[in-house]
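Nothing in this text is a laboratory measurement; each read-out follows from the coordinates by a stated rule. Please read all numbers here as calculations on a predicted model, not as lab measurements. Cβ placement follows ideal geometry from the backbone for every residue including glycine, while neighbour counts extend to all protein chains displayed.
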Amino acid sequence: MSGLALFFLLPLAPSSGRFLEDEVHFLISSRERAELVELTREEERERFIELFWARRDPSPGTLGNEAREAHERRLSESDLLFSTGALRGRHTERGRIHQLLGPPRFRESFDRSPLVPLELWHYTGVVSPFLPESFYLVFFRPPGDSGYHLYRPAIDGIGALLQDGQPARHLLEPGVSEIARVDRELAAAIESLAPGGESAAVQWLASLDALPDLLDRNRRETASVRSEASFRKMPAQLEAVLLYDDAEVPEIHYALELAPEVTKSLLASPRQRFTLQGTVLGDAGELDRWEDMLALEVEPGTLSFQGRRLASPRAGRIEVALVDERGETAFASADVRRLFLAHGARELGGVDPGLPFRVGDRLLSPVAGAVVSSPGAFAVAQLETVESEIVWEIWKDEARLWHARGPSADSRVAKDLPLPSLEDGSYRLVLRTSTTVFERGFEWRPDSGQIPRTRVIARERPPREEVAYRRARASSFSRRGDRARAIEELAVAARVVPDDVRLQLELASFRYAVRRYEEVVEQLYAARVAFPEEIDVLVLLAASLESLGRIEEAAVIYEEALMLSPENEELKVFRDRVRAMLSHLELRRDR
């Protein structure tokens with residue numbers, strides 16, 4: 001249950017209730033919200049409010065609190081600028097951004113065809129470890145909605161910014177061209193909200209949504225007196241790799257591995273609930289964070305918790321913690337490696353599926369666990385195109401015991417190491433290319449019978465993340481002119497969330513652009529059943545039928561669309577055009 005829901009259930013006093021509901025609802029972090037709603041005495045709540053503002057005071061010891069004064073001013077400005085009917089501006093989406101970031105350098109409104117009502121905000125000189133120094137924000141008001149929404153390219157798509165019935169509403173490049181005719185800066189802002197392209201925009205918009213929590217964490221970590229965690233930290237190993245797939249979309253792949261003795265200590269019962277928390281850091285601060293709840297039946301042995309996330313190319317470090325119900329945690333941090341196993345790693349044909357550090361259908365790390373007892377469990381997969389040969393080496397202390405040269409470029413290989421010829425002991429595996437050196441130590445304990453197997457627990461990508469990833473791939477393929485691959489990625493995304501009408505339209509628009517009209521018709525006839533009142537589905541369906549020469553069917557669909565929007569002049573033009581074509585066909589048949 002969210003903190004806001006708890007607020008309505010707990011008997012907060014009027015002053016503290018107003019503080020949470022009307023004053024700091026967008027400013028307060030989730031941790032602080034939970035702390036406040038748990039307080040039962042009014043004096044405790046008043047003390048909480050004092051501490052809340054004291055934590056944010058940029059100049060402690062002075063009479064005033066500039067942060068509190070600025071926020072009160074922004075609340076009043078939000079009510080003045082963004083109120084709609086009975087809804088106060090401080091509770092709107094534009095009010096949220098105004099309260100978090102203050103006024104932009106400029107704010108410009110657009111309310112003319114072919115656009116829905118829009119606002120373009122431009123921020124510069126932003127000093128924050130979590131946001132770019134300069135960026136645009138676009139707010140749009142969908143038809144029939146009285147409120148403005150923050151535009152999110154990977155979710156909303158270009159069509160959300162164009163009026164119903166616009167032919168360019170479903171096509172990225174024509175859509176941007178239509179917007180450029182209205183305002184070039186607006187079109188440029190929509191294409192690139194911040195430096196780094198679409199994948200970077202996805203990351204920093206997520207940081208903007210999580211800004212109160214990010215700032216709260218940053219305040220606690222940089223405070224003069226840091227509070228120490230009450231739980232005991234247990235050692236863990238972490239591997240992280242920044243992988244670029246064949247669409248050049250970057251992802252972080254990570255694996256948090258717990259040794260058998262740590263696993264045994266962590267487990268209180270055969271069935272355990274865990275929280276897996278992760279953070280990706282760059283030079284300027286935190287770039288991304290996530291949290292997953294896990295309910296597992298865990299056996300004693302080595303555990304590897306793994307996952308992957310869309311990442312910024314600026315990612316340099318990752319922190320992952322596994323916290324159990326008692327508050328004990330296994331924590332580790334690691335630099336993000338940019339190794340030679342980076343490109344085209346979505347299919348690993350012929351690679352041993354029992355390899356540790358395997359995430360879904362991809363391999364994460366080129367080595368197994370720190371202790372190896374079976375030669376077959378220690379294989380290395382090389383996936384990226386490498387400009388030079390690969391040298392494999394096994395060292396014991398300063399002596400090189402074995403070396404071999406790997407394959408040339410454009411190949412995949414799983415190399416078995418000559419472990420049976422080695423005695424028990426500690427060794428190092430070293431892999432070298434012309435640009436990269438990777439090294440890791442391991443223990444060789446052959447046939448001990450006491451080394452438990454590694455159990456891999458892979459994090460499945462939630463539907464929202466999978467759709468964002470597929471859209472990023474589609475966008476990349478589209479920019480490179482590979483519309484067929486872009487369509488494949490959007491089709492996968494549409495299967496993941498079949499009830500997303502915008503995604504269905506985006507897929508249909510790409511198919512329409514490459515003249516795959518039969519596929520558009522098949523897809524949108526199904527979508528028409530699922531979304532009977534979605535006028536954009538009908539318009540694109542009718543246009544595809546018209547392109548196939550199925551004029552009578554197109555006329556029927558245009559009539560259906562006009563029943564939903566009888567005053568739409570462009571639809572009337574489309575309808576009249578196909579009527580004229582039908583009349584012409586009938587005249588030809590009569591002759």
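Observations, loosely collected:
- Distant-in-sequence amide contacts of LEU401, defined by a placed amide H-H separation under 5 Å and a gap of 5 or more residues or a different chain, comprise ILE394, TRP395, LYS396.
- Region 485-526 and region 70-118 have Cα centres separated by 35 Å.
- Taking amide hydrogens as placed 1.01 Å from N in the peptide plane, the amide H of THR84 sits under 5 Å from those of GLY89, each at least 5 positions away in sequence or on another chain.
- Working ranking of peptides 310-317, 127-134 by packing, defined as the average number of other Cβ atoms within 10 Å per residue, highest first, is 310-317, 127-134.
- Phi-derived couplings, Karplus 6.51 cos²θ - 1.76 cosθ + 1.60 at θ = phi - 60°, listed residue by residue for region 537-543: 4, 5, 4, 5, 4, 5, 4 Hz, with x used for Gly and Pro.
- Close amide H contacts of ASP288 (hydrogens built in the peptide plane, cut-off under 5 Å, sequence separation of 5 or more or a different chain): VAL280.
- Short-range pairs are left out: with C-alpha atoms under 8 Å and at least six residues apart, the relative contact order of region 530-591 is 29 percent.
- Distance from the C-alpha centroid of region 203-217 to that of region 532-591: 47 Å, rounded to the whole angstrom.
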